[in-house]
1. Among the residues of the stretch 45-94, write down those that are part of a strand (DSSP E or B), touching a residue at least 40 places away in the same chain (Cβ under 8 Å) and open to solvent by 20 Å² or more (accessible area, probe 1.4 Å).
2. Picking from Asp234, Asp195, which residue would you name as being touching a residue at least 12 places away in the same chain (Cβ under 8 Å), under 27 Å from Val62 (Cβ atoms), of a type in the set (Asp, Glu) and open to solvent by 20 Å² or more (accessible area, probe 1.4 Å)?
3. Keeping to the stretch 403-428, report how many residues are without any contact (Cβ under 8 Å) to a residue 60 or more places away in the chain, not hydrophobic (A, V, I, L, M, F, W, C) and not in a loop (DSSP other than H, G, I, E, B).
4. For the stretch 209-239, name all the residues that are within 21 Å of Gly68 (Cα to Cα) and of a type in the set (A, V, I, L, M, F, W, C).
5. Could you please find all residues in the stretch 129-174 being in a loop (DSSP other than H, G, I, E, B), in contact with a strand residue (DSSP E or B) (Cβ under 8 Å, 6 or more places away or on another chain) and more than 28 Å from Asp368 (Cβ to Cβ)?
6. Looking at the stretch 108-125, which of the residues that are modelled with pLDDT of 95 or more and open to solvent by 50 Å² or more (accessible area, probe 1.4 Å) is nearest to Val86 (Cα to Cα)?
7. For the subset of the stretch 237-263 comprising residues that are over 17 Å from Leu398 (Cα atoms) and among the polar types (S, T, N, Q), which member is most open to solvent (accessible area, probe 1.4 Å)?
8. Just a yes or no: is a residue in the stretch 389-402 part of a loop (DSSP other than H, G, I, E, B) and either of a type in the set (A, V, I, L, M, F, W, C) or open to solvent by 10 Å² or more (accessible area, probe 1.4 Å) (or both)?
Amino acid sequence: MLRPQIKLNAKKEIYVPGDKSISHRSVLFCALSQGKSEIHGFLEGEDPLHTLHCFESMGLSVTSLGKGSYQVVSPGKNNLKSPSKVLDFGNAGTGIRLSAGLIAGLPGINATLTGDASLCKRPMARIMNPLKEMGADILSVAGNDRAPLLIHGKQLQSYSYVSPIASAQIKSALVLAALASDISIEYKESEVSRDHTENMIRFLGGNIVHHSPVHFTVKPPYNFEGTKYVIPGDISSAAFYIVFGLCVGGSEPLLIKNIGLNPSRIGILTVLQNMGGKIEIIAKRVECGEEIGDLLVYPSKLKRTIITEDLIPSIIDEIPILTIAGLFSEGGFQISHAEELRAKESDRIHSMVTNLEKLGVKVNEVKDGYEFGEIDSILKTKIETFMDHRIAMSFAILSKLSGVELSFDDTSWVDTSFPGFFDILKSF
């Protein structure tokens, strides 16, 4: 297995930016609420900022209160207006899919939603089809089930849906459509996906009833009023430095402060602990219905483990950096049941396998994952990021840990989710 070329000889403390998923949702719930809200800890990356600016153009009044803090005043969902320009969500799959659901349920609102070249390749039928069953008027402008999406907001009808995949984006798009149209929705999925939307509904006093961990109903009325949102650090961003802290040499821990520990998001901790990683959670607390804590990450000897199918929804965004942990693990690494990776910012199975092979790693690619055995060295090469922030960050961590200088075709994508990532990396 690879050996780290740098050591932590003194305890170090870092912060990561606010949770991207919750940042997007804070904007959407501000839009649905009447009056003045405050958001603190907002991720000022390109993705959430695109969502914020899109809803500004629909009637939100946004004032900066300092770094990561905003005052947002909404006229209420019934007084939002059609945007005068196309809504550009950049690279934000969460932003466009969740916003499409909300806008589809607003009678009289007309909007076209688009994004960058990468976003316009991502599948949208997964939200469009169930939204249409609710009565939505939503279509793909190019007729290929991809963005741009043209939406004429309508009064939707109450709906019951069994999702074929565990996806927080599908779930949230349909729930937000129901909230916008003041109708009930019953939702069931195969595995628990991240539940930030449900938590936010409870935080705002909404009526949500769980029949089982994967089955719930949300019912009106939805008379949400402006409030204060405090957003924790993003565990998907922290994952890069959790792996760094486990794989680095030395004996001193890395302290990562103020991390969201939503039970539907901490599969990364479970997998890494199963691999032999020593991670302690301290200073636990709750903000806005979300569990938060600080992480103490100790240099550890990692080993290959079996990642079970039930964990996949909670680690889907962290699989690229888990793969890097696999390069430093006894026995190598395997991931399966993860075909959803092919529908991310890039086809992440292809993206990871392509770059691993460039590094000299012998990889067996299958439809729903890949595997490789234990390795002891990698080649110096140029990483192809495929316009994907998590691919870029994962291999940047590998370069730092291994001491092998890797070059990159473009790392600008990192700013979509983790501004300041390279500044932290340079500090080690």
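The values are calculated or read from the model by the stated rules, or taken from the named source; none is laboratory data. Remember, predicted model here, so these are calculated numbers, not experimental data. No Cβ is skipped: glycine too gets one built from the backbone with ideal geometry, and neighbour counts run over all protein chains shown. Quick note on the areas: whole protein, heavy atoms, side chains included, nothing else; ligands and nucleic acids left out. Shrake-Rupley method; radii C 1.70, N 1.55, O 1.52, S 1.80 Å.
1. If we filter the stretch 45-94 for residues that are part of a strand (DSSP E or B), which is where we start, we get 61-66, 69-75, 87-88.
When the remaining residues are screened for being touching a residue at least 40 places away in the same chain (Cβ under 8 Å), the result is 72-75.
Across the stretch 45-94, the qualifying residues are Val73, Pro75.
2. Details: Asp234 fails: open to solvent by 20 Å² or more (accessible area, probe 1.4 Å).
Of Asp234, Asp195, the one residue that is touching a residue at least 12 places away in the same chain (Cβ under 8 Å), under 27 Å from Val62 (Cβ atoms), of a type in the set (Asp, Glu) and open to solvent by 20 Å² or more (accessible area, probe 1.4 Å) is Asp195.
3. Going through the stretch 403-428 one residue at a time, the tally reaches 4.
4. Pass one, the stretch 209-239, residues within 21 Å of Gly68 (Cα to Cα): 226-239.
Those that are within 21 Å of Gly68 (Cα to Cα) and of a type in the set (A, V, I, L, M, F, W, C): Val230, Ile231, Ile235, Ala238, Ala239.
5. Initial filter on the stretch 129-174 (in a loop (DSSP other than H, G, I, E, B)): 134-136, 141-148, 153-158, 163-167.
Filter again for in contact with a strand residue (DSSP E or B) (Cβ under 8 Å, 6 or more places away or on another chain), leaving 134, 136, 141, 146-148, 153-154, 158, 163.
Residues satisfying the conditions are Met134, Ala136, Val141, Pro148, Gly153, Lys154, Ser158.
6. The qualifying residue nearest to Val86 (Cα to Cα) is Asn110.
7. Looking at the filtered set, the residue picked out is Ser251.
8. Initial filter on the stretch 389-402 (part of a loop (DSSP other than H, G, I, E, B)): none.
No, the stretch 389-402 contains no residue that is part of a loop (DSSP other than H, G, I, E, B) and either of a type in the set (A, V, I, L, M, F, W, C) or open to solvent by 10 Å² or more (accessible area, probe 1.4 Å) (or both).
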